[in-house]
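Only one structure is covered here, and it is reproduced in the block below.
The values are calculated or read from the model by the stated rules, or taken from the named source; none is laboratory data. This is a predicted model, so every value here is computed, not measured. Positions of Cβ are generated from backbone atoms using ideal geometry, with glycine treated the same way; all protein chains shown enter the neighbour counts. Surface accessibility is based on the protein's heavy atoms, side chains included, excluding ligands, DNA and RNA. Shrake-Rupley method; radii C 1.70, N 1.55, O 1.52, S 1.80 Å.
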Amino acid sequence: MPATIRATKPAILIASLLLTTGFAVAGPAAAMADDTVQTRGAALPTSIVNGDFEYLGDRILSQATDTYNFANVDYVHGQASTFSSQGGSWFDIAGFDADAFGWKSTQTDTSVDGRAPIVEIQQSHDRSNTYAEITASQAGTAIYQDISTPVPGTVYTISLKHASRTFDGHDALSVMIGAPGKETPVELTRTASDAGDPVGETSTNVESTAFAWNNEWDTYEGTYTIPAGQPITRFTFRSVRGTEGGLNESVAGNNVDDISFQISYPLAYALNGGQGATPNEQ
């Protein structure tokens, strides 16, 4: 018995130390990481910002020509470049606020636009409407935003307008939603079409023959429920097929406008401590 005690005592001491330090270090570390995510989420907007892409649109596109009515926005440095100012000529956007602009891009290739990441905005031929092209000269490019979603069970209504870059295009994109880096495609239903595309079709790919240059759009809607443990939700718009190149290879195409993610069924807490989804009456 004494021999057994002497043999197991070091093991007991080591196990005790491991358990003690494990709980003392890992516990607070995990809590700190969770607090960091929660804090970052609290600083984010609660809905999509600049979903119509009109923020400083006229100012940014003031140097664009009627033929090449687009601008590359370097939201990191608050500068823009149009076709007429290409060749490394970037100009400051007076009063630019990246938070008010809202959009970011996954673009990394600088060979075409000279910089990365950039978000490309465009205008219709009559200059009446500003919108975005998501592909931005690199295949598989996406634009995205992160929003604060602290309450699990909240249902968001998704809506957007989509169009092709050319008059005979069949551009397609995927709307992906989830925790940053873990987004998955969501199903959307075409609810209206200026181009005669069938209304009522539902798919994880948004495809339209409408022509943005002529201010023609297809409208899509859907819903998304915030799961538990997702205080930050990323809304991503990724090219599937565009104007040039094959599936997932296009380096141009996919125009989007009037993007909205609004709370439809916020989680309500009853006085008795219960909870449930209650439609938003606003």
query: How much accessible surface area, in Å² rounded to 10, belongs to the heavy atoms of residue 127 with a 1.4 Å probe?
result: 80 Å²
field: Probe 1.4 Å, all protein chains present, accessible-area order of 263, 177, largest first
entry: 263, 177
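What does the charge count around residue 188 come to, taking other residues whose C-beta lies under 11 Å from its C-beta (Lys +1, Arg +1, Asp -1, Glu -1)?
Numbers: positive: 190; negative: 187, 201, 207, 218, 221.
Surrounding charge for residue 188 is -4.
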- line: dims of region 191-245, Cα set, principal axes, largest to smallest, nearest Å -> 42, 28, 19
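How about region 109-211: which chymotrypsin sites (Phe, Trp or Tyr not before Pro) there lie in a loop by DSSP and see at most 11 other Cβ atoms within 10 Å? Working shown, then result.
Details: sites: 131, 144, 156, 167, 211; in loops: 167.
For chymotrypsin sites (Phe, Trp or Tyr not before Pro) across region 109-211 that sit outside H, G, I, E and B with at most 11 neighbouring Cβ atoms in 10 Å, the list is empty.
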message: Just to make sure I understand: if all protein chains stay in place, what is the order of 218, 197 by accessible area at 1.4 Å, largest first?
response: 197, 218
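Quick check: with the 1.4 Å probe, what order do 161, 104 take by accessible area, largest first?
Details: 161 65, 104 95 Å².
Ranked list, largest accessible area first: 104, 161.
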query: What Kirkwood hydrodynamic radius do you get for region 109-219 when you take the inverse of the mean 1/r over all pairs of distinct Cα atoms, in Å?
result: 15.6 Å
